[in-house]
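Written out below as structure tokens is the structure these notes cover.
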Amino acid sequence: MVTLDELRRRVTASYDRPGSPSWPDPHEDGSGPHHDEYSRVTDPAGYRVVHARAHVWALRLGELPGIDVEPLGPVDAGSGRFTRGTRITSDQPGTLPLLLLERDVPMSERDIPLAVLHLGLARPDLTLTALPACGCDACDDGSAALLAEIDDTIGTVLDGPLVLLRGADWHARWHPGGQSSGGAGTAPEHDSLMALCRGLAADENVRLPLGAEAFVSRAWLG
């Protein structure tokens, strides 16, 4: 079975073709954004890199034995409607589907929409990350940062285990390389949520908070 490092190299090699859009971090000199950049999107077309990178990941994953890639039409989710997407599954035990969901967001008085990519697990409403997070010039960190976040997020799913917890107004995430939680004031404490996540990852019998859902995905690459 291919390693994650090798798979990432294949994705990078397939993506890095002449003409592939790229741009540097416009704020890498540390000067910070100007106030007018928060209301400006100079080049919405550039953000099509997030869709292009997702397509390369789907292509390379689909070449692996035991992995199935299913194109999706319009998809409805709690956060709105996606224009199209891809559902990727593995036959490895305990794995959950990876969703690459695309949205073309209309820009007022512009012919070119803003490309947005949601990376999800199991269901369209379980978003791991959405890119670009904003799209305005002030929040632009360059194309390399976008591609790295896509690669890192997909890598987290493939590496496993990845545990998601979701309550009515809170959420938590744990994997061997990181953890996070957030929500309203009624959310359980972070440390207790991480203990639950680690227990679920270890196949322990844990008691979830009332009304909470748990999602555990195992390693895809054996």
Task: Given charges at Cβ of Lys, Arg, Asp, Glu: the chain dipole, positive-most of L131, L96, T3 - done: L96
- [ ] Mind putting a number on the dipole of the range 45-154 about its Cα centre? Charges go on the C-beta only, +1 for Lys and Arg and -1 for Asp and Glu, and I need it in Debye to the nearest 20.
- [x] 220 debye
Task: Where no second cysteine Cβ lies under 4.7 Å, the cysteines concerned in the chain - done: C136, C197
Task: At R0 = 45 Å, FRET efficiency that the Cβ-Cβ distance of S108 and E213 yields, to 0.05 - done: 0.75
Open item on the list: What are the equivalent ellipsoid semi-axes of the chain, built from the alpha-carbon gyration tensor (square roots of five times its eigenvalues), in whole angstrom, biggest first?
Closed with: 30, 23, 17
TODO: Estimate the FRET efficiency between S22 and R81 by the formula 1/(1 + (r/R0)^6), using the beta-carbon distance for r and 22 Å for R0, to the nearest 0.05.
DONE: 0.15
Task: Charged-residue dipole, Cβ positions (Lys, Arg, Asp, Glu), the range 162-217 about Cα centre, Debye nearest 20 - done: 80 debye
Open item on the list: Under a Cβ-only charge scheme (Lys and Arg +1, Asp and Glu -1), can you give me the dipole magnitude of the chain about the Cα centre, in debye to the nearest 20?
Closed with: 680 debye
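If you stretched the chain out fully between D125 and E70, how much longer would it get, using 0.36 nm times the residue separation minus the C-alpha to C-alpha distance?
Once the chain is fully extended between D125 and E70, it gains 18.0 nm.
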Task: FRET E, pair S14, A168, Förster distance 30 Å, beta-carbon r, rounded to 0.05 - done: 0.15
Open item on the list: If you take every residue apart from L164 with its C-beta less than 12 Å away from the C-beta of L164, what net charge results, scoring Lys and Arg +1 and Asp and Glu -1?
Closed with: +1
Open item on the list: Please list, in order along the range 89-103, the HN-Hα scalar couplings obtained from phi with the Karplus expression 6.51 cos²θ - 1.76 cosθ + 1.60 (θ = phi - 60°), rounded to whole Hz, x for Gly and Pro.
Closed with: 10, 10, 8, 5, x, x, 8, 10, x, 9, 10, 10, 10, 10, 9
- [ ] Give the distance, in whole Å, between the Cα centre of the range 11-25 and the Cα centre of the range 120-139.
- [x] 21 Å
TODO: Towards the positive end of the charge dipole of the chain, with charges on Cβ (+1 Lys, Arg; -1 Asp, Glu), say which of G167, V105, V49 has the farthest Cα.
DONE: G167
Open item on the list: Can you tell me the length gained on complete extension of the stretch A133 to E63, counting 0.36 nm per residue apart and subtracting the Cα distance?
Closed with: 22.2 nm
TODO: Calculate how steeply helix 49-62 sits against the longest principal axis of the alpha-carbon atoms of the chain, using the helix alpha-carbon long axis, and give the answer as 0 to 90 degrees to the nearest 10.
DONE: 50 degrees
Open item on the list: When the expected Rg is taken as 2.2 N^0.38 Å, what fraction or multiple of it is the alpha-carbon Rg of the range 9-120?
Closed with: 1.28
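Every read-out reported here was derived from the displayed coordinates using simple, explicitly stated rules and does not represent laboratory data. Keep in mind the model is a prediction, meaning the values are calculated, not measured. No Cβ is skipped: glycine too gets one built from the backbone with ideal geometry, and neighbour counts run over all protein chains shown.
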